[in-house]
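Heads up, the thing below is written out as structure tokens.
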Amino acid sequence: MAFGETLKFHRENSGFSQQDVANQLNISRQSISKWENDRGYPDIDNLIRLSQMYQISIDELLKENEQLKKIITKNEEEIAHKKKKLSMIKKYYEKPLADEGVLLLIMATLSCLLFPIGFIMLVFIFRRNKKANTYYKLVTVMCICSLFLNLYNTYVYATYLFNIGTTVNIEKID
């Protein structure tokens, strides 16, 4: 690892920005950037102050660190793996939802016909219906119509079951 990379690694691990380090050393931020990009090197006084700020020895700052190389390589591999996973997830979720909109519309229509199950289907349909669906508004309207139709079917079924609202003609037998 180059000297500049080592400086940058220890600065970031210590939680300092380039401006923070520059302020404490009474130099410009551009000088810190120049050191970290291997376009210049700090003098011995600044090197001592850097080692104190980063809480490491001057020897650690100046030597190439094999353990640090291994950590960086491992992190780069992990980042590449996670980027690959992320791109796969993005591909999955960025698929057009037109097919799902059609399916939800069909299910909303069927829930009108399936009286007791219709209520459960409507909850599922409302949860799955997203604004990205091509038939979002139509599915919503169909669900509302289906809800009213299911409520009406419940009323009809209850009146039939409990004989509510039926008139009984009683004839007087003489």
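The values are calculated or read from the model by the stated rules, or taken from the named source; none is laboratory data. Since we're looking at a predicted model, the values are computed, not measured. Ideal geometry is used to build each Cβ from the backbone, glycine not excepted, and the neighbour counts take in all protein chains shown. Accessible surface is based on the protein model in full, side chains and every heavy atom, while ligands, DNA and RNA are left aside. Shrake-Rupley method; radii C 1.70, N 1.55, O 1.52, S 1.80 Å.
For this structure, a couple of remarks:
- Test for residue 140: is it surrounded by 15 or more Cβ atoms within 10 Å (Cβ to Cβ), among the polar types (S, T, N, Q) and assigned to a helix (DSSP H, G or I): yes
- Among residues of the range 67-111, those that are among the acidic types (Asp, Glu), at pLDDT below 85 and over 16 Å from residue 136 (Cβ atoms), counted: 1
- Selection within the range 112-134 - at pLDDT 85 or above and outside any helix (DSSP H, G or I): 129
- Selection of first residues in the range 103-123 that are under 24 Å from residue 134 (Cβ atoms) and touching a residue at least 24 places away in the same chain (Cβ under 8 Å) and of second residues that are outside any helix (DSSP H, G or I) and open to solvent by less than 40 Å² (accessible area, probe 1.4 Å), restricted to Cβ pairs under 7 Å at least 6 apart or on distinct chains, gives the following pairs, ordered by first then second residue: 104/129; 104/133.
- Filtered residue count, the range 143-159, keeping only those that are modelled with pLDDT of 90 or more, loosely packed, with under 15 Cβ neighbours inside 10 Å and either within 25 Å of residue 93 (Cα to Cα) or not aromatic (Phe, Trp, Tyr) (or both): 3
- Only one of 79, 72, 32, 48 that is aliphatic (A, V, I, L, M), in a helix (DSSP H, G or I) and open to solvent by 80 Å² or more (accessible area, probe 1.4 Å): 79
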